[in-house]
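Some notes on the structure that comes next.
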Amino acid sequence: MLVDIHSHILPGIDDGAQDFDDTLALAEQAVREGITHIIATPHYRKLNWLNKKDEVLELTEQVQSFLDENNVNLKVYPSQEIHVTDHLIDELLDNKLLSLDPYDRYLLLEYPSRNLPKNYLETLSHVIDLGYTPVIAHVEKQAELFNNPSLLVELIEMGCLTQLTASSLLDPADGAKCLELLNQNLIHIIASDVHNLDSRNFHMKEAFELIEQHQSIDYVNYYINNSNQLINGEDIIIKDPKKIKMKKKRFFGLKWFN
Ligand SMILES: [Fe+2]
């Protein structure tokens, strides 16, 4: 069982698959990569995309029937990639959002790529108090988190999980830094965030091959198991983050550490 927990496979509702033909092509590629279960996570509250819970539930059912009719052996699950806004807590309380699992434990949360909201820790802690585990989407694409691994440690210690995009590991510019995050045990989930077969494809197989080569098969199994536990709403036992080298900073002529 190989689960991809982050994908834009539903047709015509965001910048992922544009129609059912695209959805079919993506699903067939998923099967070729060995993916057996895929969580559809269309953008929620990002730019002009809303993608309300009921609409996602209905479209996921239609897509599943369509794939079954086309003999594609892939299970599709409904969820959302929730762009964090001031609406988040109220919408959680009103049961308006879709979690990643049937037991309502894990939520895929996305932050703007440049700046984290000022109150992000407070909001995350509220989400955790409500009984959810935030899964922070593609942390390598959020500049503050990617450039300050100590912020990732802080999030993990609070109880958040982190997801890294498979293709980012293969990226000539960012791949080495992504691998470093893996080596520091700061990543718990590898997922595709697939949008299309051209510029934003799955690359799950290649990413796991690279992890096996640079880390070990045990790490490959760790990531695969974490996604399996997640889709079943089970506890995920994470590896402890390794010590982060502190950056030296100068402050009024004195060296200090943060
Ligand atoms: Fe995404």
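The values are calculated or read from the model by the stated rules, or taken from the named source; none is laboratory data. Please read all numbers here as calculations on a predicted model, not as lab measurements. All Cβ positions, even for glycine, are placed from backbone atoms using ideal geometry, and neighbour counts span all protein chains on display.
Within region 158-175, being in contact with an Asp or Glu (Cβ under 7 Å, 6 or more places away or on another chain), surrounded by fewer than 24 Cβ atoms within 10 Å (Cβ to Cβ) and not hydrophobic (A, V, I, L, M, F, W, C) holds for Ser168, Asp174. Taken over region 100-119, residues that are crowded, with 20+ Cβ neighbours inside 10 Å and not charged (D, E, K, R) amount to 6.
Looking at Leu181, Leu186 in this structure, which one is away from the ligand (no atom under 16 Å from the Cβ), of a type in the set (A, V, I, L, M, F, W, C), in contact with an Asp or Glu (Cβ under 8 Å, 6 or more places away or on another chain) and under 21 Å from His214 (Cβ atoms)? Outline the logic, then answer.
On the way: Leu186 fails: in contact with an Asp or Glu (Cβ under 8 Å, 6 or more places away or on another chain).
Leu181 is the lone residue from the list that is away from the ligand (no atom under 16 Å from the Cβ), of a type in the set (A, V, I, L, M, F, W, C), in contact with an Asp or Glu (Cβ under 8 Å, 6 or more places away or on another chain) and under 21 Å from His214 (Cβ atoms).
In region 164-215, the qualifying residues are those that are among the basic types (Lys, Arg) and in a helix (DSSP H, G or I), and the one that is nearest to Val139 (Cα to Cα) is Lys177.
Residues that are free of Cβ contacts under 8 Å to residues at least 40 places away in the same chain and within 15 Å of the ligand (Cβ to nearest atom) within region 135-170 comprise Ile136, Lys141, Gln142, Thr162, Leu164, Ser168, listed in sequence order.
Considering only region 118-125, I want to know if a residue exists there that is in contact with a helix residue (DSSP H, G or I) (Cβ under 7 Å, 6 or more places away or on another chain) and closer than 29 Å to Glu55 by Cβ.
First pass over region 118-125, keeping only residues in contact with a helix residue (DSSP H, G or I) (Cβ under 7 Å, 6 or more places away or on another chain): 123-125.
Pick out the ones that are also closer than 29 Å to Glu55 by Cβ and you get 123-124.
Checking region 118-125: at least one residue is in contact with a helix residue (DSSP H, G or I) (Cβ under 7 Å, 6 or more places away or on another chain) and closer than 29 Å to Glu55 by Cβ.
Considering (1) within 16 Å of the ligand (Cβ to nearest atom); (2) crowded, with 18+ Cβ neighbours inside 10 Å, the lone condition that Leu124 does not fulfil carries the number (1).
Does Leu155 satisfy being in contact with an Asp or Glu (Cβ under 7 Å, 6 or more places away or on another chain), at pLDDT 95 or above and outside any loop (DSSP other than H, G, I, E, B)? Spelling it out, it is not the case that Leu155 is in contact with an Asp or Glu (Cβ under 7 Å, 6 or more places away or on another chain), at pLDDT 95 or above and outside any loop (DSSP other than H, G, I, E, B). Taking region 42-65 as the range and being more than 24 Å from Asn119 (Cβ to Cβ) and in contact with a Ser or Thr (Cβ under 7 Å, 6 or more places away or on another chain) as the test, only Val63 passes.
Would you be able to say whether some residue in region 176-188 is free of Cβ contacts under 8 Å to residues at least 24 places away in the same chain and crowded, with 17+ Cβ neighbours inside 10 Å? Within region 176-188, none of the residues are free of Cβ contacts under 8 Å to residues at least 24 places away in the same chain and crowded, with 17+ Cβ neighbours inside 10 Å.
Residues that are out of contact with any Pro (no Cβ under 6 Å at 6 or more places or on another chain), farther than 17 Å from Ser167 by Cα and hydrophobic (A, V, I, L, M, F, W, C) are absent from region 13-22. Selection within region 1-25: residues that are in contact (Cβ under 8 Å) with a residue 60 or more places away in the chain and not in a loop (DSSP other than H, G, I, E, B). The member of this set that is nearest to the ligand (Cβ to nearest atom) is His6.
Is it fair to say Ile236 is touching a strand residue (DSSP E or B) at 6+ places or on another chain (Cβ under 6 Å), under 23 Å from Arg105 (Cα atoms) and at pLDDT 95 or above?
Values: touching a strand residue (DSSP E or B) at 6+ places or on another chain (Cβ under 6 Å): no; under 23 Å from Arg105 (Cα atoms): yes; at pLDDT 95 or above: yes.
Considered against the rule, which asks whether it is touching a strand residue (DSSP E or B) at 6+ places or on another chain (Cβ under 6 Å), under 23 Å from Arg105 (Cα atoms) and at pLDDT 95 or above, Ile236 comes out as no.
The residue that is nearest to Ile5 (Cα to Cα), among those in region 16-44 that are surrounded by fewer than 19 Cβ atoms within 10 Å (Cβ to Cβ) and of a type in the set (Val, Ile, Thr), is Thr36.
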